[in-house]
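This report refers to the structure that appears directly beneath it.
Where a number appears in this text, it was derived from the coordinates with a stated rule and is not lab data. These numbers come from a predicted model, not from an experiment. Positions of Cβ are generated from backbone atoms using ideal geometry, with glycine treated the same way; all protein chains shown enter the neighbour counts.
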C-alpha cells in the first residue's frame, strides 16, 4: 500500500471517528421525544421501558444497548436508521446497488457498541425489508434485554461463531449455518468466541 493511500485511509477513519464522537445520543433522543410532544414518562409508558432509563440516556449518564434503544424508539415509533440519520438521502429509496460505504450504520454511535456493527442496505421502510451486514467482535452482545417484535427474520453465518437464543432454545452457529424464526419470540445474539463473527440477515417488516 502506498503512503498516500495509507494516509487517505487514516484521514477517512479520523473523520468517521470525529463524526461519531460528535453525535449526541442523549440530545437526539430528547429532541425526538419533545418533537412528538411526549414527556419522558409518556414515552416510557408507550415503549414499556423504565422511565429512569430514558432520563439516564438523555443526560448521557447511560449508553443504551441495541435492544434497549430500539425498545424506546418503538414508543415513538421510529427506526434506528431514522434515529441516526436526521437527514436521510432522498435517492436511497430508488437506489438499487450499494457500495460498503453506502450501507447505513446503525450501531457505531452507541459508545459501548464498538464491538457490534450492524449496517443496513438501503431504505428498509420503502421495501418493507431490512437486510443487515452484522459483525460481532468477541464479547459483542445485542443485550441482556431480549429483542422481541412483530416480524420474521433469518440469516446465515458467513464466518466465525455466534450464539443465538430464541425463546428457550439456544445454539452456537458456525460458518455456513443458518437460522429463521418468528421475531415475536424473545431473542438475543452474542459472540462467546475469541474471533469475530459475520452474519447476513433479513427481517420483514423492518425492526431496527
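Here is how the numbers come out for the structure above:
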| read-out | value |
| --- | --- |
| Stretchable slack from residue 150 to residue 127, in nm (0.36 nm times residue separation minus alpha-carbon distance) | 6.6 nm |
| Projected-area mean, segment 104-173, by convex hull of Cα positions, square nanometres | 5.5 |
| In Å, descending, principal axis extents of the Cα set of segment 3-204 | 50, 45, 35 |
| Packing-based exposure ordering (other Cβ within 10 Å, fewest first) of 85, 148 | 85, 148 |
| Fewest-first sequence of 32, 72, 200 by Cβ atoms within 10 Å of each Cβ | 200, 32, 72 |
| Sequence-separation-based contact order of segment 3-204, relative, with Cα cut under 8 Å and 6+ spacing, percent | 17 |
| Cβ-based exposure ranking for 177, 123, in which fewest neighbours within 10 Å come first | 177, 123 |
